């Protein structure tokens with residue numbers, strides 16, 4: 001089972017500050033399940049971009065140091081080509097062109113479902129996270145974001161087979177799987 005950790009959960013995992021405690025405990029057990037190869041845990045570089053906005057240098061250092069703990073999805077950007085600029089006297093400048101929108105139709109639908117405006121750039125991280133999870137074959141999206149949880153029925157329907165769950169809900173699901181926890 002491929003499981004995507006939203007930035008709220010990924011940052012909380014690193015900083016150990018998720019509330020309520022039941023969700024922090026669930027995240028710790030989910031990480032154990034990942035280490036035991038019961039599930040595959042992933043996030044995306046979108047989490048890194050969100051983490052960069054922290055104002056606390058100690059927290060930022062801790063977040064950066066943990067970036068290799070959870071794998072990032074393979075498809076969280078697309079190369080569009082290169083910009084070539086030729087100058088006189090043989091000087092050339094070549095720069096890659098890329099986008100972090102890997103599925104324009106899905107992204108537009110998620111923005112509409114979440115009721116986001118063009119000025120809501122910070123909130124546009126949520127549809128990007130969902131888009132990355134859906135386009136990278138994840139089946140669970142773990143979050144504590146109230147906005148996403150409040151819209152999960154509609155979002156789940158648009159992102160099938162992806163399902164949005166709290167950490168405690170994923171833990172309960174894993175706990176009912178026969179033999180899943182024998183190796184932990």
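The values are calculated or read from the model by the stated rules, or taken from the named source; none is laboratory data. Being a predicted model, the structure only gives us computed values, none of them experimental. Note that each Cβ is placed from the backbone with ideal geometry, even for glycine, and that neighbours are counted across all protein chains shown.
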- Single residue of segment 22-58 satisfying the filter (in contact with a helix residue (DSSP H, G or I) (Cβ under 6 Å, 6 or more places away or on another chain) and farther than 28 Å from residue 177 by Cβ) that is surrounded by the most Cβ atoms within 10 Å (Cβ to Cβ): 46
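Restricting to segment 139-160, and then to whatever is assigned to a loop (DSSP other than H, G, I, E, B) and within 16 Å of the chain's Cα centre (by Cα), can you tell me which residue is surrounded by the most Cβ atoms within 10 Å (Cβ to Cβ)? Write out each step before concluding.
Initial filter on segment 139-160 (assigned to a loop (DSSP other than H, G, I, E, B)): 139, 143-145, 151, 159-160.
Those still in the list that are within 16 Å of the chain's Cα centre (by Cα) too: 139, 143-145, 159.
Details: 139: 16, 143: 25, 144: 18, 145: 18, 159: 22.
The residue in question is 143.
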- Name every residue in segment 98-122 that is modelled with pLDDT of 70 or more and not in a helix (DSSP H, G or I), in order of residue number. 100, 101, 102, 103, 114, 115, 116, 117
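Sort through 133, 125, 74 and tell me the only one that's within 20 Å of residue 10 (Cβ to Cβ), surrounded by fewer than 14 Cβ atoms within 10 Å (Cβ to Cβ) and at pLDDT 75 or above. I'd like the intermediate steps shown before the answer.
Numbers: 133 fails: surrounded by fewer than 14 Cβ atoms within 10 Å (Cβ to Cβ); 125 fails: surrounded by fewer than 14 Cβ atoms within 10 Å (Cβ to Cβ).
So the residue among 133, 125, 74 that is within 20 Å of residue 10 (Cβ to Cβ), surrounded by fewer than 14 Cβ atoms within 10 Å (Cβ to Cβ) and at pLDDT 75 or above is 74.
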- Task: Please go through segment 161-184 and pick out each residue that is at pLDDT 95 or above and either on the phi > 0 side of the Ramachandran plot or part of a strand (DSSP E or B) (or both).
- Result: 163, 164, 165
